[in-house]
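A short reminder: the numbers here are calculations on the coordinates, not readings from a lab. Keep in mind it's a predicted model, so treat the numbers as computed, not measured. Neighbour counts run over all protein chains shown; Cβ positions are idealised from the backbone, glycine included.
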Amino acid sequence: MNGPSSGRVGGLSRRDFARLVAVGGASSWIAAGSTWVPSAEALPPTPAAPNEAFWEAVRDQFVMPRDLGVINAANLCPSSAPVLQAMYDATRDIDRDPSPNNREKLGEAKETTRSLLAEFLRVTPEEILITRNTSEANNMVSSGVQLGAGDEVVIFADNHPSNKRAWESKAERFGFTVTELPVPNPHPGPEYYIDAVEKALTSRTRVLSFTHLTSTVGDLFPARELCRIAREREVLSLLDGAQTFGLLDVDLSDLQPDFYTGSAHKWPCGAKEAGVLFVNQRSHDKIWPTILSAYTGRVGISRTHEGFGQRDEPAMIGFSEALKLQTTVGRQAIEQRSQELAQLVIRELGAVDGVKVWTSPNPALSSAVVSFQPGNLDLRKLSAALYENDRIGCATRGGADRGGLRFSPHFYNLQSEVERAIGAVKKYMAQGV
Ligand SMILES: Cc1ncc(COP(=O)(O)O)c(C=O)c1O
């Protein structure tokens, strides 16, 4: 690991790295955040049973200072040093020579990202659209599927606004109806949802739209079975994968949704404003393009549905690097590591008097998104104390619906910082905040 006085940051000279940051117009944080820098060293091979030393080497791929434990992957993940480096190189290259001649190769780079995405999700490049994020991808589906009076869309109560409010708004506009199925807490088991969907789908239902892993309390939905039921009833399925893409070893050839969506800047640890929309080959003729402009993709559905005008190609190149890092570490290893850290949180906090854990302790029903209500502690004060006193970043969930704090650990989190977060919550539960 390079120390603070090292002249290099993730393979960049300090001067170049400062310029990279300046590219984003945020040069002020380089001074505040430069106390720790990542290693440019290659990762060791992932051991059969990865130990903490291995996860420290993984952490060294990220620029987050070692004293800061941000346990908030469900919201936004840091990009790794290889991603930063790739984006810097590509941005500098284009800005040094923005001629069409020099930029021609960016079209190739975009197709490379598409191929890597297809490989990652175990589908074909012809079925992949590179979007800005999950919100955009979800809306491309709700705007692109032709629906009208007499048609019905079935959703769940626990969907992100981009997969709930979006449907409701379009229903108002186009005259179809939206049926919302309840999501009980604690997780009632997969059979409950299978049964609920079997009963809910009618001859009018055109789309079933649900979230693979909820962002609220981390309920894992039986995606494969729900997509199968939809398929058998000739209903289109939209699987919102914002919380599983880059966390679980998702295999779309097995789950077989019609549409799957995700964001690079969440669990994949890629660039901001890059995302994915998978459109199953069997459904290419079921969705209209939402945005029509120049610079489409070169294969499959991207030739008609990915003309978004001028794009941020360096972000897409960064996306590639993120997928490569995940593949190098190992998808199964990442899934397992994140879940182990989450299980630690559930076990430890579940045993604290007054703490109500909303997330299922059953690893078959949850993954790495853990929400809990810390007694009567004021959430804002608790979150501020955790950040300022204990150097822990996490999400707060206000409101009446299973409010509290959310810890969502990922493969860059060390066990020691998850333990520090747990210890700090225990401390504030005992002494107040
Ligand atoms: C389930 C789910 N869907 C969609 C989104 C939207 O993601 P983005 O803001 O990257 O578009 C989120 C964000 O947290 C989410 O949790």
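Using amide H atoms built 1.01 Å from N in the peptide plane, name the residues 5+ places from A157, or on other chains, whose amide H lies under 5 Å from its own.
Placed amide hydrogens put L181, V183 under 5 Å from A157.
Of T296, T134, how do they rank once you tally other Cβ atoms within 10 Å and put the fewest first?
T296, T134
Enumerate the calculated ³J(HN,Hα) couplings along region 144-155 in order (Karplus 6.51 cos²θ - 1.76 cosθ + 1.60, θ = phi - 60°), each rounded to whole Hz, writing x wherever the residue is Gly or Pro.
x, 7, 7, 9, x, 3, x, 8, 9, 10, 9, 10
Please compute the net charge surrounding R204, taking Lys and Arg as +1 and Asp and Glu as -1 over other residues with Cβ under 13 Å from its Cβ.
-1
With +1 on the Cβ of every Lys and Arg and -1 on the Cβ of every Asp and Glu, and nothing else charged, how large is the dipole of region 254-297 about its Cα centre, in debye rounded to the nearest 20?
Roughly 100 debye, rounded to the nearest 20.
Just rank S383, S416, S367, S215, fewest to most, by other beta-carbon atoms within 10 angstrom.
In increasing order of surrounding Cβ atoms, one gets S416, S383, S215, S367.
Where nothing but the Cβ of Lys and Arg (+1) and of Asp and Glu (-1) is charged, how large is the charge dipole of region 213-293 around its Cα centre, in debye to the nearest 20?
Here the size comes out at about 120 debye.
Neighbour counts of other C-beta atoms within 10 Å: give me K266, K426, K105 arranged from fewest to most.
Lowest to highest Cβ neighbour count: K105, K426, K266.
Over the chain, with a Gaussian network built from C-alpha contacts below 10 Å, which listed residue (A242, A364, A149) shows the highest mean-square fluctuation?
Highest fluctuation of the listed residues: A149.
Using just the alpha carbons, could you tell me how many Å³ per residue the convex hull of region 106-174 encloses?
Considering the Cα atoms of region 106-174, their hull volume per residue is 122 Å³.
Can you list the HN-Hα couplings for region 417-422, worked out from phi with the Karplus curve (6.51, -1.76, 1.60; θ = phi - 60°), rounded to whole Hz and with x for Gly and Pro?
Result, rounded to whole Hz: 7, 5, 5, 5, 5, 4.
Kindly give Rg over Rh for region 133-277, based on alpha-carbon atoms, with the Kirkwood expression for the hydrodynamic radius.
0.94
Farthest toward the dipole's positive end in region 141-298, which of L252, A149, Y295, given Cβ charges of +1 (Lys, Arg) and -1 (Asp, Glu) about the Cα centre?
Y295
Between S366, S135, A395, whose Cα lies farthest towards the positive end of the dipole of the chain when Lys and Arg beta carbons carry +1 and Asp and Glu beta carbons carry -1, centred on the Cα centre?
A395
In a shell of Cβ-Cβ distance under 12 Å around S408, excluding S408 itself, what net charge do Lys and Arg (+1) and Asp and Glu (-1) give?
Result for the neighbourhood of S408: +3.
Run the reach check for K286 against lysines, Cα to Cα strictly under 27 Å, same-chain hits fewer than 8 apart removed. What comes back?
Hits, sequence-local ones excluded: K110, K164, K170, K199.
Taking K and R as +1 and D and E as -1, what net charge do the other residues with C-beta under 15 Å from the C-beta of S263 add up to?
-1
With a cut-off of at most 12 other beta carbons within 10 Å, and DSSP calling the residue loop, which GluC sites (Glu not before Pro) in region 151-242 qualify? Please list them.
Passing sites in region 151-242 are E234.
Rounded if a/c is under 1.5, else prolate if a/b beats b/c, else oblate: with a ≥ b ≥ c from the C-alpha gyration tensor eigenvalues square-rooted, which is the chain?
Since a/c reaches 1.5 but b/c is at least a/b, the shape of the chain is classed as oblate.
Hey, in the GNM for the chain with a 10 angstrom Cα cutoff, which one of D97, D240, D67 fluctuates hardest?
Among D97, D240, D67, the largest GNM mean-square fluctuation belongs to D97.
Please identify the trypsin sites (Lys or Arg not before Pro) of region 341-422 that satisfy two criteria: DSSP loop assignment and at most 13 other Cβ atoms within 10 Å. Which are they?
Within region 341-422, no trypsin sites (Lys or Arg not before Pro) qualify (loop, at most 13 other Cβ atoms within 10 Å).
Rank A109, A322, A271 by mean-square fluctuation in a GNM of the chain with C-alpha springs under 10 angstrom and give only the top-ranked residue.
A109
Nothing charged except the Cβ atoms of Lys and Arg (+1) and of Asp and Glu (-1): what's the magnitude of the dipole of the chain about its Cα centre? Round to the nearest 20 debye.
Here the chain has a charge dipole of around 700 debye.
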